[in-house]
Amino acid sequence: MSDSYTPPKVWTWEEESGGRFASINRPISGATHDKDLPVGKHPHQLYSLATPNGVKVTVLFEELLALGIEEAEYDAWLINIMEGDQFSSGFVDVNPNSKIPALMDHSTPEPTRVFESGAILLYLAEKFDRFLGPNRPEMISWLMWQMGSAPYLGGGFGHFYAYAPEKWEYPINRFAMEVKRQLDVLDRQLADNQFIVGEDYTIADMAIWAWYGQLALGRQYEAGEFLDVESYKHVQRWAQEIDARPAVKRGRMVNRAMGDPKYQLRNRHDAGDFETQTWDKIGPKEGEDS
């Protein structure tokens, strides 16, 4: 373990801290370069990446379309955060916080911007009156639980366990303890409920599944064994049930730029793109840049 750190009286940013995502973090906001965002043919223009926060929204879009709601059609544009796409002037205009996902709804008299994944879920669910469940306060409570808890999983545990330049015992233990507490919260809730809020599948399930369901399925930080995720039996049952939904399978593919190329639909403009536009079909050939 490294020597103890003595904080300075006034903190200043002098260099990147290291680690996989160091280049995307800085203590100021705003655009770093001018670049307009593309706009497709559908009312909803999503600018995102298939991180858990991005997956929440594409799953909801695909679930709405699976119900036959044609007005929920959307274009999804890949925002590569490792290349700084989120700091373009166009993206900052949609989300001044420079985080994915961000949505522009062009079906309103004046285009409506919506940012923060939970806000986008609520906006779309209320717009189409779907996936809200009969107990709105309970559903919103669990949605807000996810928004408040995920930073402990992603920015806390995930960062120090998987991405930090060194593995430090204290933060890994601290955040592992909290993540396991959160899994226990979910396991107890799901012991007597098919979904997070009873028998109704809602946006709370979509939001929580994108983070904790995928963690339970072994897709997050290669930490399944370390966190003993198999021991949370009710979370496992729920995670597998949602994972089997066709709309969820499609939603996971949208704006994906990692993993198996046949599951990467980097930009999505039409339902047929899942068959014709995956990266294994249109991506660069051997020897070309990816």
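Bear in mind that the values in this text are calculations on the coordinates, not laboratory data. Remember, predicted model here, so these are calculated numbers, not experimental data. Glycine also receives a Cβ, built like all others from the backbone with ideal geometry; neighbour counts cover every protein chain displayed.
What is the stretch 157-290 by shape, rounded, prolate or oblate, if you read a ≥ b ≥ c off the alpha carbon gyration tensor as root eigenvalues and call it rounded for a/c under 1.5, prolate for a/b larger than b/c, and oblate otherwise? Here the stretch 157-290 falls in the oblate category. The calculated FRET efficiency for GLU230 paired with ASP36, based on their beta-carbon distance and R0 = 35 Å, is about 0.15. In a reduced charge model with +1 at each Lys and Arg Cβ and -1 at each Asp and Glu Cβ, the stretch 136-245 shows a dipole moment near 180 debye about its Cα centre. The charge dipole of the stretch 211-257, taken about its Cα centre with unit charges on the Cβ of Lys, Arg, Asp and Glu (plus for the first two, minus for the last two), comes to roughly 400 debye.
If R0 is taken as 45 Å, the Cβ-Cβ distance between ARG181 and PHE128 corresponds to a FRET efficiency of 0.85. Screening the chain for DSSP H helices whose Cα atoms reach 18 Å or more along their own axis and whose mean Kyte hydropathy is at least -1.0 gives 52-66, 136-151, 169-190.
Simple rule: put +1 on each Lys or Arg Cβ and -1 on each Asp or Glu Cβ in the stretch 136-245, find the dipole, and look at TRP168, MET206, PRO137; the Cα lying farthest toward the positive end is TRP168. Amide H contacts of LEU49 (H built 1.01 Å from N, in plane; Pro and chain starts excluded): GLY54, ILE79 sit under 5 Å, all sequence-distant by 5 or more or on other chains. Straight-distance candidates among the lysines for linking to LYS56, with alpha-carbon spacing under 24 Å and chain neighbours fewer than 8 residues away dropped: LYS41, LYS99, LYS127, LYS180, LYS233, LYS249, LYS262. Assuming charge only on the beta carbon of Lys and Arg (+1) and of Asp and Glu (-1), the dipole of the chain about its Cα centre is about 300 debye to the nearest 20. Note on TYR163 and ASN267: the model spin-label points, each 7 Å out from Cα along the C-beta direction, lie 2.5 nm apart. Any idea what the relative contact order of the chain is, in percent, if you count C-alpha pairs under 8 Å spaced at least 6 apart? It rounds to 21 percent for the chain. Shape of the stretch 226-290 from the C-alpha gyration tensor: oblate (a/c of 1.5 or more and a/b not above b/c, with a ≥ b ≥ c the square roots of its eigenvalues).
Normalising by the residue count of the stretch 136-245, find the relative contact order in percent from Cα pairs under 8 Å and 6+ residues apart. Rounded, it is 27 percent for the stretch 136-245. Can you work out the FRET efficiency for the pair SER141 and ALA244, with r the C-beta to C-beta distance and R0 = 25 Å, to the nearest 0.05? For R0 = 25 Å, the calculated efficiency reads 0.40. For Kirkwood radius over Cα pairs in Å, the value computed from the atomic coordinates appears in the list (i) 20.2; (ii) 19.3; (iii) 22.0 under label (i). Under a 5 Å amide H cut-off, with hydrogens placed 1.01 Å from N, GLU116 pairs with nothing among residues at least 5 apart or on other chains.
Taking the stretch 218-290, which GluC sites (Glu not before Pro) meet the DSSP loop condition and have no more than 12 other C-beta atoms within 10 Å?
Listed in order of number, the matching sites are GLU222, GLU286, GLU288.
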